[in-house]
Amino acid sequence: MKLADRHVCEGTVPRITIGRRVYRRADGSRYASNTWTAQWSYEGKHHYEALKTRRKDAAVRKAFAICERIRAGEVKPKKYALTIAEMREKYLDLKRGEGRAPKTVQKYEAGLLSLVTWSTTVGRRSATSFTADDFWRYNRWLADNGASEKTRYDRLILIKQAFKWAHKQKLLAENPLVGVSLSEPAPTEQPCFTPDQVSILLRECDRNGWPVGCAEGGVIRISQRDNT
C-alpha cells in the first residue's frame, strides 16, 4: 500500500507509520485520502488499519492504541492484501528508481499490465492469493489472445521476478511461484543469404556496395533460381 505524507510514530512497538492512502483514478492520475491510515509489520507480515480521522495528532494517538491492542491480543490486525495492480506499481517504481533504460521500463510496464488485465478479467485481483495454477491460466490466456511463445516466456519470467521481489520485500508471506520452472523456447529461425546469393550480390555491386549502374538505393533482385 502506498501512503502519502508518511510519518513514523516514534515509540510505537511494533513501529507504526501513518499516512494518507494513495488511490488511482480511472484516467491514471493519483490522489491521497483525506483521512489517515496506519501501516506496520508484525510477525513477518504487513498490516494496515484505517484510522478514520483527518487530524494527524488523533491519528498518532490511535497508532499507540493499536500497539496496546496488539500486545493485549484484543484485536487481530487486519492483514494487508496486496493486489496485482499494486504489486505492478511498486515493482515499476523500483525499476524506474534503478535507472533502467526507457525501453526496458516500457517492456516491464506492458508485461505487468497484461497480468493486471487478466486478473481483472477473471476476478483474481489479489497477489496474496495468487497461485501457480493462476500462473499457468494466465499463460493459456496469453496464448488464446495470440501471444507468441517467446512473448509468453518473457512475460512469465517477468512475473516470476516480480513475485520473488514482493516476497523478499515482505509484501507477500510466501512466493507462490518459487517451485515453477520454465523452458526457454527455441530461437526463431532467421532467414539469411546462401553462399551463392552472397556471390551474386558481390558480383553485381561496385566497391562502395551499390548495385552497378544504379543510383544510390538501387535494388539487386535475387530469384529463387539463384538459390539453386
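The values are calculated or read from the model by the stated rules, or taken from the named source; none is laboratory data. A quick note: this is a predicted structure, and the numbers were derived from the prediction, not measured. Backbone-built Cβ (ideal geometry, glycine too); neighbour counts: all protein chains shown.
The table that follows gives values for the structure above.
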{"read-out": "Condition met for Asp196 (surrounded by 10 or more Cβ atoms within 10 Å (Cβ to Cβ) and at pLDDT below 80)", "value": "no"}
{"read-out": "Residue check for Val13: assigned to a loop (DSSP other than H, G, I, E, B) and over 18 Å from the mean Cα position of the chain (by Cα)", "value": "yes"}
{"read-out": "The stretch 97-126 residues that are touching a residue at least 40 places away in the same chain (Cβ under 8 Å) and assigned by TED's automatic domain parsing to the domain that holds Ile157, paired with ones that are of a type in the set (A, V, I, L, M, F, W, C) and not in a helix (DSSP H, G or I) (beta carbon under 6 Å, 6 or more apart)", "value": "Ser126/Ala81"}
{"read-out": "Residue that is touching a residue at least 60 places away in the same chain (Cβ under 8 Å), closer than 24 Å to Thr37 by Cβ, surrounded by 12 or more Cβ atoms within 10 Å (Cβ to Cβ) and in contact with a strand residue (DSSP E or B) (Cβ under 9 Å, 6 or more places away or on another chain), where the choices are Leu94, Leu171", "value": "Leu171"}
{"read-out": "Tally of residues being part of a loop (DSSP other than H, G, I, E, B) and under 23 Å from the mean Cα position of the chain (by Cα) across the stretch 16-43", "value": "5"}
{"read-out": "Residue match in the stretch 55-75 (condition: modelled with pLDDT of 85 or more, buried (at least 16 other Cβ atoms within 10 Å of the Cβ) and part of a strand (DSSP E or B))", "value": "no"}
{"read-out": "Qualifying residue in the stretch 158-175 (condition: of a type in the set (Val, Ile, Thr) and closer than 17 Å to Leu113 by Cβ)", "value": "yes"}
